[in-house]
1. Which of the aspartates and glutamates could be linked to LYS41 by a straight reach, that is with a Cα gap under 19 Å, when you skip same-chain ones fewer than 8 residues away?
2. Which of rounded, prolate or oblate describes the chain when judged by the alpha-carbon gyration tensor and an a/c cut-off of 1.5?
3. How far is it, in nm, from the label point at ARG224 to the one at PHE210 when both lie 7 Å from their Cα along the line to the Cβ?
4. Can you give me the Cα centroid spacing of the range 62-105 and the range 161-177 in angstrom?
5. Compare LEU98, LEU173, LEU33 in a GNM of the chain, Cα atoms joined below 10 Å, and give the one with the largest fluctuation.
6. Which percent of the accessible area of the range 109-149 is formed by carbon and sulfur heavy atoms (probe 1.4 angstrom)?
7. Angle between the Cα long axis of helix 141-160 and the longest principal axis of the chain, 0 to 90 degrees, nearest 10?
8. Counting only GluC sites (Glu not before Pro) that sit in a DSSP loop (anything but H, G, I, E, B) with at most 10 other Cβ atoms within 10 Å, what is the longest stretch of the chain containing none of them?
Amino acid sequence: MGFSVCGFCVTGTVNTLDPAQPIVTYENKAKLLEDYDEGRKLGEGMFAKVRLMTRKSDGKTFAAKVMKKHMSISDNNEVFGAPAPKTLLREVKLLQKLGGQKQCLRLEFALETPRDFYVLTDVCAGGELMKHLDRCASFVEQDASRFFAHFCGAIAHCHANNISHRDIKPENLLVDFEQGGRARVVLADFGSACEFTPETRWRSEAGSPFWQSPEVWALDYDHRADVYSCGMVLLV
């Protein structure tokens, strides 16, 4: 199974993953919806939307990050070309490498249709970190330090696996609940993440401006910029 790329669409499948964890391919969205119910929108970014999806065979619910495989136009009339297959696959490969360990979001599997690519992960019931805090009756320093330890641990796990997240911000920090109802923070959305070596320095912008380090603004940075962004989240 191959693929071809034009300015408007990725045609064919993009499945080049380890056969042990294949991408499930559907000939169209109608076929996909025979197996899954598509639920409410959980979030939306520039290049993807996240929706609840429920597997009809067993009722299991997933958070599905849905990325377009074709040219799209935003509400502001910005035109985005078809993403390269390697871009669609990168997040899946990185999540596989991290293995859902150390407060990193766990990948379940991926799906695709001719027009869309779906990355299915665990559902974090508390939603985005800042929205969770808005709902809290109280939030004290001990809570902040525990949450900070969670996402610092996630970044340490990423860096130990030579992965830089490059887009740490409250929207990408999700809240889930342990047994007993205690909240924990999970690092999500690896769409900007990249693998690195000790010599790697990036000279292109990544992430969201408010949370970026001065080195990112200067377009000369490495994986340690993630640490600055963690500090910005703690400050806020």
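The values are calculated or read from the model by the stated rules, or taken from the named source; none is laboratory data. Predicted model, so just to flag it, every value in this text is computed and none were measured. Cβ placement follows ideal geometry from the backbone for every residue including glycine, while neighbour counts extend to all protein chains displayed. Ligands, DNA and RNA are excluded from the accessible area calculation, which covers all protein heavy atoms including side chains. Shrake-Rupley method; radii C 1.70, N 1.55, O 1.52, S 1.80 Å.
1. Output for LYS41: ASP75, GLU108, GLU112, ASP116, ASP122, GLU128, GLU171, ASP176, ASP189.
2. Since a/c reaches 1.5 but b/c is at least a/b, the shape of the chain is classed as oblate.
3. Once both label points are built, they end up 2.7 nm from each other.
4. 14 Å
5. LEU33
6. Summing carbon and sulfur atoms, their accessible area is 55 percent of the total for the range 109-149.
7. So the helix axis and the longest Cα principal axis differ by about 50 degrees.
8. Details: sites that count: GLU27, GLU78, GLU178, GLU199.
Counting only loop sites that pass the neighbour cut-off, the longest clear stretch is 79-177.
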